[in-house]
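The values are calculated or read from the model by the stated rules, or taken from the named source; none is laboratory data. What you see is a predicted model, and the numbers here were worked out from it, not measured in a lab. Note that we place each Cβ from the backbone using ideal geometry, even for glycine, and neighbour counts take in every protein chain shown.
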Amino acid sequence: FISLFFGSGQNSATERIVGGYAPVPHSIKYIVSIQTRDRQHMCGGFLINKYWIVTAAHCNIGLHKMLIVAGDYSLTIYEGTEQQILPQLLVPHPAYNRTTNNSDIMLIKLRAPINLGSFVSIALLPRQGTTIAEGRVCRVSGWGYTSPSGGQIPSTLRTVKLPIISTEKCNSSESFNGSITENMICAGYSIGGKDACKGDSGGPLVCDGRVYGVVSWGKGCAEAQFPGVYTAVSKFRKWIDNTILSYYSRCNNN
Ligand SMILES: *[C@@H]1O[C@H](CO)[C@@H](O)[C@H](O)[C@H]1NC(C)=O
Ligand SMILES: *[C@@H]1O[C@H](CO)[C@@H](O)[C@H](O)[C@H]1NC(C)=O
Ligand SMILES: *[C@@H]1O[C@H](CO)[C@@H](O)[C@H](O)[C@H]1NC(C)=O
Ligand SMILES: *[C@@H]1O[C@H](CO)[C@@H](O)[C@H](O)[C@H]1NC(C)=O
């Protein structure tokens, strides 16, 4: 999903998320669309409080090119529920490695607070080090491709339920053969068919009401033996809390 940019010749997808369905409009309130300033959807993300968003580090197109849209469902129809806010600060994880895809997580501080309410809410995060068992069913949502080959608009939000695959299985020679680090978790079916895809990057994988994963990478989309790979949020909970805290203590000291 790392080469995820829509635009440049390719169309956005008909329906999004491979093998999923349309959720009730505005029922997934913590998700945001990260767009270019000319309103092209690029990545997903999610609100963790009214000033901060979590997304993938590989979604970093630069502060001055980015626009955040909360409260959205259809990307093409104005529904009156959208809130568009510019970012003030991007904090990609300092250990993010674009070769290994390790530590693929980024915090975005907004210039103005999002109004929380009927159409926008925050997502809860797991505690540092919390693990999620193999087979536990989670849900990933986004405005990404519904098939590896892409498609066309209309661009409403999609969601799909996927079980957690053990790291052992995901890292085995039958699958990602050693490329899975302890900062990643995998979710999907060994027969394929359901997955996140291009344009879903940065979006939330929610298990038991908390965001355990950030859509990060994969091999194609929904291929058999190759589940989706997600940044393990529970490995970065302390980094998230400390980054936000140090931002405010720095402001207060000046
Ligand atoms: C990324 O990881 C590779 C493989 O471990 C390593 O060789 C490289 O130096 C790392 N790059 C950065 C920027 O840390
Ligand atoms: C990183 O992710 C890309 C897909 O975006 C994948 O092709 C590549 O193999 C991944 N790198 C490693 C070392 O697994
Ligand atoms: C898996 O990785 C090992 C070690 O890097 C390599 O020798 C082997 O060919 C790989 N297997 C597959 C199926 O790609
Ligand atoms: C995945 O496999 C590689 C190669 O065997 C290993 O170095 C790495 O530690 C494994 N990842 C995890 C999370 O165990």
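So which of Ser175, Ser147 ends up being away from ligand 4 (no atom under 14 Å from the Cβ) and either assigned to a loop (DSSP other than H, G, I, E, B) or more than 21 Å from Cys59 (Cβ to Cβ) (or both)?
Only one candidate passes the filter, namely Ser147.
For (1) modelled with pLDDT of 85 or more; (2) exposed (fewer than 14 other Cβ atoms within 10 Å of the Cβ); (3) within 19 Å of Leu157 (Cβ to Cβ), each residue gets a yes or a no:
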| residue | (1), (2), (3) |
| --- | --- |
| Ser8 | no, yes, no |
| Thr14 | no, no, yes |
| Ile31 | yes, no, yes |
| Arg37 | yes, yes, no |
| Trp52 | yes, no, no |
| Ile68 | yes, no, yes |
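Of Asn171, Asn183, Asn177, Asn115, which residue is over 17 Å from the mean Cα position of the chain (by Cα), under 30 Å from Leu89 (Cβ atoms) and modelled with pLDDT of 95 or more?
Asn115 is the lone residue from the list that is over 17 Å from the mean Cα position of the chain (by Cα), under 30 Å from Leu89 (Cβ atoms) and modelled with pLDDT of 95 or more.
Listed here are the residues, each with its yes/no results for (1) among the charged types (D, E, K, R); (2) at pLDDT 95 or above; (3) buried (at least 21 other Cβ atoms within 10 Å of the Cβ); (4) within 18 Å of Ser33 (Cβ to Cβ).
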| residue | (1), (2), (3), (4) |
| --- | --- |
| Cys197 | no, no, yes, yes |
| Asp200 | yes, no, yes, yes |
| Asp208 | yes, yes, no, no |
| Val211 | no, yes, yes, yes |
| Val214 | no, yes, yes, yes |
| Gly220 | no, no, no, no |
| Tyr230 | no, yes, yes, no |
| Val233 | no, yes, yes, no |
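Which of the residues spanning the stretch 169-194 are aromatic (Phe, Trp, Tyr) and either away from ligand 2 (no atom under 16 Å from the Cβ) or surrounded by fewer than 16 Cβ atoms within 10 Å (Cβ to Cβ) (or both)?
Listed by number, the list holds a single entry, Tyr189.
Look at the stretch 70-128 and say how many of its residues are exposed (fewer than 14 other Cβ atoms within 10 Å of the Cβ) and charged (D, E, K, R).
The total comes to 4.
Kindly evaluate Arg139 against the criterion of being more than 16 Å from ligand 2 (Cβ to nearest atom) and in a strand (DSSP E or B).
yes
Would you confirm whether any residue within the stretch 147-168 is within 12 Å of ligand 2 (Cβ to nearest atom), of a type in the set (S, T, N, Q) and on the phi < 0 side of the Ramachandran plot?
No, there is no match, as no residue in the stretch 147-168 is within 12 Å of ligand 2 (Cβ to nearest atom), of a type in the set (S, T, N, Q) and on the phi < 0 side of the Ramachandran plot.
Considering only residues that are part of a strand (DSSP E or B) and over 21 Å from Leu90 (Cβ atoms), which ones fall in the stretch 201-231? Before you say what the answer is, go through the steps one by one.
Here is the first cut: in the stretch 201-231, the ones part of a strand (DSSP E or B) are 204-207, 210-217, 228-231.
Hits for the stretch 201-231 are Leu205, Val206, Cys207, Arg210, Tyr212, Gly228, Val229.
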